[in-house]
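Quick notes on the structure that follows.
The values are calculated or read from the model by the stated rules, or taken from the named source; none is laboratory data. Just so it is clear, the structure is predicted and the values come from calculations on it, not from any experiment. Glycine gets a Cβ as well: all are built from the backbone with ideal geometry, and neighbour counts include every protein chain shown.
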Amino acid sequence: MVVGSLNLDHTVMVDQLPLEVGATVLGSEYSTSAGGKGLNQAVAAARQGAIVEMVGAVGDDPAGSLLVGVLADERIGVDHLRRVPGPSGTALVSIDRRGGNTIVVAPGANGTLGPDDLGEEVFAGAAVVVCQLEVPLAVVGAALAEGRRAGALTIFNPSPAGGPLPDGLLPLVDLVVANEQEAAVVAPGSAGTGPLDRAAAAGRSVVARGAGEAIVTLGPRGALIVGRELVTPVAPFRVTSVDPTAAGDAFVGALAAALAAGEPTLVAARRGAAAGALAVTRRGAVPSLPGRASVDRLVSEAGPGAPPGRAGRPAGSGSHSPGAPQQLPGPRNRHRDGAPARRGDPSRRGGRGPN
């Protein structure tokens, strides 16, 4: 179950992003596509074979109809999607020739979602609940609390990160997934001598504030799984970046799908990294999200990513080198075989999207 935003993305390709206030640059290609962190993550999970329900809001404008149509095409459940008067969420995206981007989001209908829309019946049968920060913070807190009460594994992607989180939020989260900048913003005070040490310290700070585990994504350097005892690197996949817009969402969606299927955290993170890598090779948000067969193929071709038998470092140790996997215990409510404590009925919805 994904609780989050749905946006219509307006994307312009530019040679160089504006560098200062008042600057104007000339764009080239312009396109529109479905997006929003919630919708992206829902589609990413559905294309990995997960059964997905979307909780959110769209406007009564043409963009809202387009977004509902995308969910229908991906066989994502919409029983808890609200249609409200006014505009749908909108994102303005600029992408330069090196693959860097800037994004401005107008919440629109996403801002109308409230805790009252999240009764306990919404979460019945959920194995995994995923949240981000493009809907009101009160909604995120309510969704994580209801997901926890329903026995689901809770995943939180604190993006876009605007500052430290309320004290009671992270204890509701089994797994935080954040890039290094987001992790440092939501759990400030971490320090380290290099990029990997700083990322590990940020992950430890997130866990110290109550989260079960943290995954800190590092772009071309892979990711770190940070637990209470170990920091475990996840090796990167080497690709050429064309558009990084939905890479983080691809990671989260593929990770959530693998965890819902009972995979251990390390295996799920490896699939997330593969999905994120594939996403940057294509333009657009939803159009770039890979299918299950593509992720299977990339993971298989790349191999395990490290010599077998190497252990992750203790969480308080020094430098961390990508490519030393160590299976960590799953979040608090996973059975010993790695399966979530509760599953949805696989006969209801879902399917695999394009590869």
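One table, with the values for the structure above:
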item	result
Options Val299, Val242: the member that is assigned to a loop (DSSP other than H, G, I, E, B), at pLDDT 50 or above, among the aliphatic types (A, V, I, L, M) and under 22 Å from the mean Cα position of the chain (by Cα)	Val242
Any hit, segment 234-253, residues being in contact with a strand residue (DSSP E or B) (Cβ under 9 Å, 6 or more places away or on another chain) and basic (Lys, Arg)	no
For Tyr30: the one exception among (1) within 26 Å of Glu263 (Cβ to Cβ); (2) in contact with a His (Cβ under 8 Å, 6 or more places away or on another chain)	(1)
Asp167 being touching a strand residue (DSSP E or B) at 6+ places or on another chain (Cβ under 9 Å), surrounded by fewer than 23 Cβ atoms within 10 Å (Cβ to Cβ), outside any helix (DSSP H, G or I) and at pLDDT below 90	no
Segment 252-265: number of residues that are farther than 15 Å from Gly291 by Cβ and assigned to a helix (DSSP H, G or I)	6
Counted residues, segment 1-52 - those being among the charged types (D, E, K, R), in a loop (DSSP other than H, G, I, E, B), farther than 30 Å from Glu146 by Cα and touching a residue at least 12 places away in the same chain (Cβ under 8 Å)	1
Condition met for Gly162 (without any contact (Cβ under 8 Å) to a residue 60 or more places away in the chain and within 30 Å of Thr240 (Cα to Cα))	yes
Hey, Val122 in contact (Cβ under 8 Å) with a residue 12 or more places away in the chain, assigned to a loop (DSSP other than H, G, I, E, B) and within 27 Å of Pro62 (Cα to Cα) or not	no
Pairs with Cβ under 6 Å, 6+ apart, first in segment 281-302 and farther than 17 Å from Ala269 by Cα and of a type in the set (A, V, I, L, M, F, W, C), second at pLDDT 95 or above and part of a helix (DSSP H, G or I)	Ala285/Asn40; Val286/Val43
Criterion: assigned to a strand (DSSP E or B), more than 28 Å from Glu146 (Cβ to Cβ) and β-branched (Val, Ile, Thr) - qualifying residue of Val104, Val78, Val55	Val104
Condition met for Thr102 (modelled with pLDDT of 95 or more and under 28 Å from Leu165 (Cα atoms))	no
Among (1) assigned to a loop (DSSP other than H, G, I, E, B); (2) in contact with a strand residue (DSSP E or B) (Cβ under 9 Å, 6 or more places away or on another chain); (3) of a type outside the set (A, V, I, L, M, F, W, C); (4) over 19 Å from Ser288 (Cβ atoms), the one test that Ser65 misses	(1)
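Residue-by-condition table, conditions (1) within 21 Å of Pro195 (Cα to Cα); (2) surrounded by 24 or more Cβ atoms within 10 Å (Cβ to Cβ); (3) more than 13 Å from the chain's Cα centre (by Cα):
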position: Val206; (1), (2), (3): yes, yes, yes
position: Leu218; (1), (2), (3): yes, no, yes
position: Val226; (1), (2), (3): yes, yes, yes
position: Ala235; (1), (2), (3): yes, no, yes
position: Gly248; (1), (2), (3): yes, yes, no
position: Ala257; (1), (2), (3): no, yes, no
position: Ala260; (1), (2), (3): no, yes, yes
position: Arg270; (1), (2), (3): yes, yes, yes
position: Leu278; (1), (2), (3): no, no, yes
